[in-house]
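A.B. asks: Structure provided below as structure tokens; questions to follow.
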Amino acid sequence: MLRVLRWFAPITPMLILALVVGLQLSNQKWNVIGLAILSPMLAATFAGPRLTAGYGVAAVLAGILLGLHDDLFGRSGGGPTAQVVRLVGVTAGGVMAVLVSRYNIRRETKLQNVTRVAEVAQQTILSPVPSSSGGLRFAVRYESATVEAMIGGDLYEVVDSPWGTRLLIGDVRGKGLDAVRIASRVLSCFRLMSRRTGDLRDLLANLDAEVADASCLDDFVTAVVGQVDGSRLTLANAGHPDPVLVRAGQADLLTVSSRLPPLGLITDGSNVTDTVLRAGDRLLFYTDGITEARAPTTDAFFPLLPAAEAAFAHTSLDEALTDLADRVRDWTRSTLNDDVALLAVEVPGPTRHAGPTRRSDDH
């Protein structure tokens with residue numbers, strides 16, 4: 001459908017102009033030459049100034065030729081003055097269409113440049129996560145939204161600390177460079193304080209203070225902060241979607257006892273939840289781009305838990321995330337409106353042997 005529309009759009013102004021000419025030639029009661037202005041005006045919404053100007057010139061020429069054919073420069077149709085006024089109107093409309101086209105092109109170019117800078121900045125701040133650390137395995141996947149959507153502030157990180165392996169996944173409110181800037185501040189704070197702060201509550205308080213300092217009053221960051229120490233997983237959820245625990249092929253949401261407000265708005269960060277992990281458990285941390293993904297035809301939300309169960313049937317975490325990302329793309333027909341960050345964690349079973357440590361960079 002989109003391919004048909006992309007093919008049809010460039011010829012629409014020509015069809016409109018042909019329709020106006022046909023109507024003018026087929027009737028003797030109405031004068032519709034003024035409608036030729038619709039051709040360059042429509043072209044201005046998608047075409048460049050040159051093509052728009054071409055449609056404008058074609059509209060004026062059509063008006064002149066039709067005027068000669070129907071003797072509109074004579075006494076019929078209001079006389080020569082009326083016909084000249086019609087042509088001046090079409091000409092003025094064509095000039096306005098060219099100016100609008102120039103403005104649209106400049107605005108789109110500026111937006112593309114800003115988006116490109118934001119993408120580069122985002123790729124810079126999102127460092128690769130280790131494929132294995134602290135007796136755990138990791139994989140990451142980043143799915144960018146459609147070209148029309150602005151870059152988001154999704155973030156993730158894995159840090160080794162004296163108190164265990166610490167995890168972070170979050171999503172900055174808003175889009176563009178401001179979101180990337182706040183995400184950079186959060187990641188820098190997490191990397192630094194994870195190695196200096198023993199209590200996860202204190203780490204959360206530092207992140208909250210960093211967001212409050214880096215953002216405006218209406219900005220915030222939803223996040224899940226986790227710590228794996230042996231078989232114990234400690235979680236704090238600051239307004240973020242709950243992680244998924246896949247155990248023995250069954251996927252369930254890993255809810256916390258009390259959900260905190262987003263970072264930047266926390267008044268009490270004392271709520272953390274402990275969970276005992278088992279060999280073979282897999283965890284999926286994600287941003288809300290996947291939970292808010294909808295099917296274009298039915299507007300139904302993406303079925304995360306069934307998809308996670310099917311995807312994590314793969315032996316490899318990388319294969320599991322690739323499968324899950326493909327399912328999201330298929331569900332939305334490749335029309336994601338928000339970025340999706342996926343961080344998978346595995347507690348190796350007794351029959352699985354971790355390979356050499358490398359860095360996973362899949363964004």
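A.B. asks: Looking at this structure, is Pro303 out of contact with any Ser or Thr (no Cβ under 7 Å at 6 or more places or on another chain), over 15 Å from Ile169 (Cβ atoms) and not charged (D, E, K, R)?
C.D. replies: Details: out of contact with any Ser or Thr (no Cβ under 7 Å at 6 or more places or on another chain): yes; over 15 Å from Ile169 (Cβ atoms): yes; not charged (D, E, K, R): yes.
Yes.
A.B. asks: Scan the strands (runs of 3 or more DSSP E) fully inside segment 219-273 and keep the ones with 2 or more residues being surrounded by 15 or more Cβ atoms within 10 Å (Cβ to Cβ). Outline the logic, then answer.
C.D. replies: Numbers: elements: 221-229, 232-238, 244-247, 250-253.
Where strands (runs of 3 or more DSSP E) fall fully within segment 219-273 and carry at least 2 residues being surrounded by 15 or more Cβ atoms within 10 Å (Cβ to Cβ), they are 221-229, 232-238, 244-247.
A.B. asks: Read through the list (1) part of a strand (DSSP E or B); (2) surrounded by fewer than 19 Cβ atoms within 10 Å (Cβ to Cβ), then give the number of the only condition that Leu167 fails.
C.D. replies: Against the list (1) part of a strand (DSSP E or B); (2) surrounded by fewer than 19 Cβ atoms within 10 Å (Cβ to Cβ), Leu167 comes up short only on (2).
A.B. asks: So which of Leu25, Leu5, Leu51 is surrounded by fewer than 19 Cβ atoms within 10 Å (Cβ to Cβ) and at pLDDT 90 or above? Talk me through it step by step, then tell me what you get.
C.D. replies: Values: Leu25 fails: at pLDDT 90 or above; Leu5 fails: at pLDDT 90 or above.
Result: Leu51 is the single residue among Leu25, Leu5, Leu51 that is surrounded by fewer than 19 Cβ atoms within 10 Å (Cβ to Cβ) and at pLDDT 90 or above.
A.B. asks: Tell me which residues, restricted to segment 303-342, are among the basic types (Lys, Arg) and surrounded by fewer than 20 Cβ atoms within 10 Å (Cβ to Cβ).
C.D. replies: Going through segment 303-342, the residues among the basic types (Lys, Arg) turn out to be 327, 329, 333.
Hits for segment 303-342 are Arg329, Arg333.
A.B. asks: Collect the residues in segment 198-217 that are in contact (Cβ under 8 Å) with a residue 12 or more places away in the chain and either outside any helix (DSSP H, G or I) or of a type in the set (Gly, Ala, Ser) (or both), keeping them in residue-number order.
C.D. replies: Residues satisfying the conditions are Gly198, Ala205, Ala212, Ala214, Ser215.
A.B. asks: While we're here: Can you name every residue in segment 265-289 that is touching a Phe, Trp or Tyr at 6+ places or on another chain (Cβ under 6 Å) and at pLDDT 90 or above? So that I can check it myself, show each step before the final result.
C.D. replies: Of the residues in segment 265-289, the ones touching a Phe, Trp or Tyr at 6+ places or on another chain (Cβ under 6 Å) are 265, 282.
Answer for segment 265-289, where residues must be touching a Phe, Trp or Tyr at 6+ places or on another chain (Cβ under 6 Å) and at pLDDT 90 or above: just Arg282.
A.B. asks: Could you list, in sequence order, all residues of segment 280-313 that are assigned to a loop (DSSP other than H, G, I, E, B) and among the hydroxyl-bearing types (Ser, Thr, Tyr)? Spell out the reasoning first.
C.D. replies: If we filter segment 280-313 for residues that are assigned to a loop (DSSP other than H, G, I, E, B), which is where we start, we get 280-281, 287, 292-293, 295-300, 302-303, 312-313.
Matches in segment 280-313: Thr287, Thr297, Thr298.
A.B. asks: With the structure loaded, tell me whether Asp154 is assigned by TED's automatic domain parsing to the domain that holds Asp339, farther than 19 Å from Asp242 by Cα and not hydroxyl-bearing (Ser, Thr, Tyr) or whether it fails that test.
C.D. replies: Numbers: assigned by TED's automatic domain parsing to the domain that holds Asp339: yes; farther than 19 Å from Asp242 by Cα: no; not hydroxyl-bearing (Ser, Thr, Tyr): yes.
Judged against the criteria, Asp154 is not a match.
The values are calculated or read from the model by the stated rules, or taken from the named source; none is laboratory data. Note that the structure is a prediction, hence the values are computed from the model and not measured. No Cβ is skipped: glycine too gets one built from the backbone with ideal geometry, and neighbour counts run over all protein chains shown.
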